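Before any comments, here is the structure.
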Amino acid sequence: MGATMHLTGVLGVSSPPLAPSHCSCSGAKKQSCSLRPPRQQQRRRLRVARAVEVGAPSAGAPEPEQVEEPSIDFAFVSPRLLPDGTPDVHYRTARGGQKLRDIMLDGYIDLYGPYDKVLLNCAGGGVCGTCLVEVVEGKEMLSPKTEVEKELLKRKPKTWRLACQATVGNADSTGQMIIQQLPEWKVHEWDK
């Protein structure tokens, strides 16, 4: 609920308050009298417009807390190290309820590596297995493995998932995830 604004003054012409003596009408015509002061007493005066905020909290009252939209924070770790030997990490934030593949592609995160050309991957069908990721942290945020994943990943570590098959939470989920891109080509190991 936002505060409303009221103007306490209006720019324009105004006249001083009228007293009965200012009326220049004769007694019979009094009902048609406009109650204007005589011409010599009319003054032009500008009123200053001033905005007053109504309904806003007073200076001593605490500000209401702003509610953030539910979102999930991601750290996508590249398979290669930077020249100084540290991991190349890209941070993104997204709403839950989406496939991990879509989140990565929307965030311009390398998902397919050398298979990023047309006809080298199945574009999210779950049959090629080229969108492999390793969930380092936050695996509880992902949907259970599908039958397609179980079949394609039966000889792979349990932390590996197909990004095209894994749904990240739901629309009101919040949390953090660390995703290792292209785990087959990573040059460093995670301390577990």
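Tabulated results
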| read-out | value |
| --- | --- |
| Subset tally (residues that are assigned to a loop (DSSP other than H, G, I, E, B), in contact with a helix residue (DSSP H, G or I) (Cβ under 8 Å, 6 or more places away or on another chain) and closer than 23 Å to GLY175 by Cβ) for the range 111-156 | 2 |
| Residues that are more than 35 Å from the chain's Cα centre (by Cα) and within 16 Å of VAL127 (Cβ to Cβ), drawn from the range 151-172 | GLU151, LEU152, LEU153, LYS154, LYS156 |
| Where VAL135 falls short, out of the listed (1) among the β-branched types (Val, Ile, Thr); (2) within 32 Å of the chain's Cα centre (by Cα); (3) surrounded by fewer than 18 Cβ atoms within 10 Å (Cβ to Cβ) | (3) |
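Yes/no matrix, rows are residues, columns are (1) buried (at least 16 other Cβ atoms within 10 Å of the Cβ); (2) of a type outside the set (S, T, N, Q); (3) closer than 21 Å to ALA75 by Cβ; (4) in contact (Cβ under 8 Å) with a residue 60 or more places away in the chain:
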residue	(1), (2), (3), (4)
ARG101	yes, yes, yes, yes
LYS117	no, yes, no, no
ASN121	yes, no, no, no
GLY125	no, yes, no, no
VAL148	no, yes, no, no
ARG155	no, yes, no, no
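Throughout, read-outs are computed from the coordinates displayed, never taken from laboratory work. Bear in mind that the values here come from a model prediction, so they are computed numbers and not experimental data. Glycine gets a Cβ as well: all are built from the backbone with ideal geometry, and neighbour counts include every protein chain shown.
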